[in-house]
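Working notes, structure below.
The values are calculated or read from the model by the stated rules, or taken from the named source; none is laboratory data. None of these values were measured; they are calculated from a predicted model. Backbone-built Cβ (ideal geometry, glycine too); neighbour counts: all protein chains shown.
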Amino acid sequence: MFLSKCRLTSVLPRISAYSTAAESTMKPKTAIVMLNMGGPETTDQVADYLLRIMTDRDMIQLPVQSKLGPWIATRRTEEVKKKYMEIGGGSPILKWTNSQGSLLTQALDQMLPESAPHKHYVAFRYVPPFTEETFAQLEKDGVERAVIFSQYPQYSCATTGSSLNAIADFYKNRQLPSNIKFSLIERWASHPLLASVFASRIKDKLKLFDPKIRDEVVILFTAHSLPLKAVSRGDTYPHEVAATVAATVAQLGLPNPHRLVWQSKVGPLPWLQPYTDDAIKSYAKQGVKHLILVPIAFVNEHIETLHELDIEYCDEVAKEAGITQIERAEAPNDHTTFIAALADVVASHLKSGPSVSKQFLTRCPHCVSQRCRSSKDFFKKLCGNLEVISS
Ligand code: FES
């Protein structure tokens with residue numbers, strides 16, 4: 001169930017951007033815990049960030065991972081540092097997540113006085129603020145209610161699943177706080193306001209093309225790829241990404257052709273295709289000369305948009321391939337409609353959502369991971385017996 005757009009937009013203009021005054025001075029009642037992978041804020045964090053990714057078996061599975069993972073991380077550190085230097089010295093993901101969180105909680109304070117004050121917490125997987133520190137902090141703050149909110153709209157066992165497993169790990173040797181009621185939003189791929197913001201970002205870029213060829217511009221929706229092994233296990237990510245694409249195309253209502261392509265593959269094993277760079281080259285050969293890239297699975301700018309899409313694909317691959325014009329749609333970032341989407345997802349959840357969905361509690365059909373099994377059991381217990389807020 002989604003709240004009406006009218007109600008949301010009537011709340012949002014009164015929100016002052018980035019003001020965290022209410023968040024910092026009042027004891028929070030409801031915590032909104034924003035999960036994401038995170039990115040190094042400075043190049044000093046790159047080595048540790050890579051090490052954590054390469055040794056996370058939920059994210060990536062390597063043979064003899066405890067040895068090969070650190071070896072790959074060390075080998076790649078200098079190259080990845082250079083990329084961060086080329087985008088200004090670090091990832092802006094923490095800055096964007098904090099901005100989104102502040103705007104979101106201001107909206108919620110106005111929409112749902114029953115659960116106010118709301119406070120956002122950031123829980124990253126591979127850089128500070130780490131998941132464990134954040135959960136310790138919200139316990140310390142004495143919140144009554146905590147909504148665990150994945151910032152990956154499309155669920156994958158490798159991303160949201162990994163963050164949730166980290167929460168389960170944190171509570172392995174620690175008593176569950178009996179005074180906090182927890183619940184989980186693990187996916188929101190086809191939310192209409194999420195599709196609206198992507199449609200709006202695309203329209204902003206379409207305006208930059210000559211009106212004579214505007215309808216011919218091919219829209220390439222691009223998402224982080226996934227190993228085919230995970231797809232065959234039954235990971236829901238590919239069809240959830242496709243759902244966001246379909247909802248966005250429906251909202252656009254334009255004749256432009258579109259395709260879904262996949263970026264950021266690592267290692268030698270097969271991943272979901274077609275790859276974004278290959279698609280740009282092949283379209284150029286077919287005579288397609290005008291493209292828009294739309295990062296459909298990222299809610300804020302980070303290395304995959306600012307470096308991989310902007311520098312490697314738009315500046316280098318497209319130019320070499322002979323593309324006449326290529327534009328990259330901005331990530332949702334702090335777009336008003338995006339904040340409205342976040343607020344609607346959380347408010348609807350607080351008012352009527354299940355504390356944990358059956359969809360989340362069901363494992364992939366070919367999952368044999370004991371870690372997944374115990375993590376699902378943990379969340380069933382963590383989020384059990386929660387009453388919803390009455391309006
Ligand atoms: Fe998807 Fe285990 S791999 S639930």
Worksheet item: Can you name the residue in region 314-331 that is without any contact (Cβ under 8 Å) to a residue 40 or more places away in the chain and part of a helix (DSSP H, G or I) and is also farthest from Ser150 (Cα to Cα) among such residues?
Response: Glu320
Discussion item. Contact list please: Cβ distance under 9 Å, first residue in region 362-384 and within 16 Å of Gln61 (Cβ to Cβ), second residue among the small types (Gly, Ala, Ser) and near the ligand (Cβ under 8 Å from one of its atoms), pairs at least six apart or on different chains.
Written reply: Cys364/Ala230; Cys364/Gly234; His366/Gly234; Cys367/Gly234; Cys372/Gly161
Discussion item. For region 186-206, give me each residue that is of a type outside the set (A, V, I, L, M, F, W, C) and in contact (Cβ under 8 Å) with a residue 60 or more places away in the chain.
Written reply: Glu186, Arg187, His191, Pro192, Ser196, Ser200, Arg201, Asp204, Lys205
Item to complete: Looking only at region 77-97, count how many residues are surrounded by fewer than 18 Cβ atoms within 10 Å (Cβ to Cβ) and closer than 12 Å to Gly38 by Cα.
Response: 1
Worksheet item: Of the residues that sit in region 73-97 and are touching a residue at least 60 places away in the same chain (Cβ under 8 Å) and in contact with a strand residue (DSSP E or B) (Cβ under 7 Å, 6 or more places away or on another chain), which one is farthest from Glu308 (Cα to Cα)?
Response: Thr97
Discussion item. Being within 12 Å of the ligand (Cβ to nearest atom) and either modelled with pLDDT under 95 or assigned to a loop (DSSP other than H, G, I, E, B) (or both) is the filter here; which residues of region 345-371 pass it?
Written reply: Thr362, Arg363, Cys364, Pro365, His366, Cys367, Val368, Ser369, Gln370, Arg371
Worksheet item: Within region 36-90, how many residues turn out to be part of a loop (DSSP other than H, G, I, E, B), among the β-branched types (Val, Ile, Thr) and either more than 19 Å from Leu226 (Cα to Cα) or modelled with pLDDT under 90 (or both)?
Response: 4
Worksheet entry | Residue count, region 239-253 (criterion: within 19 Å of the chain's Cα centre (by Cα) and crowded, with 19+ Cβ neighbours inside 10 Å) | 6
Worksheet item: Can we say Pro295 is modelled with pLDDT of 95 or more, within 16 Å of the ligand (Cβ to nearest atom) and touching a helix residue (DSSP H, G or I) at 6+ places or on another chain (Cβ under 7 Å)?
Response: no
Practice prompt. Please work out which residue is surrounded by the fewest Cβ atoms within 10 Å (Cβ to Cβ), limiting yourself to region 303-336 and to residues that are among the polar types (S, T, N, Q) and farther than 17 Å from Gly88 by Cα.
Written response: Thr324
Discussion item. For the condition under 15 Å from Gln45 (Cα atoms) and aliphatic (A, V, I, L, M), what is the one hit in Val147, Val143, Val122, Val80?
Written reply: Val80
Worksheet item: List, please: which pairs have Cβ atoms under 7 Å, are six or more places apart or on different chains, and start with a residue in region 110-135 that is closer than 30 Å to Leu50 by Cβ and end with one that is of a type in the set (Lys, Arg) and in a loop (DSSP other than H, G, I, E, B)?
Response: Thr131/Arg125
Item to complete: Of all residues in region 209-237, count the ones that are assigned to a helix (DSSP H, G or I) and within 30 Å of Pro270 (Cα to Cα).
Response: 7
Fill in: Residues satisfying the stated conditions in region 186-235, i.e. among the aromatic types (Phe, Trp, Tyr) and surrounded by fewer than 21 Cβ atoms within 10 Å (Cβ to Cβ)
Phe209
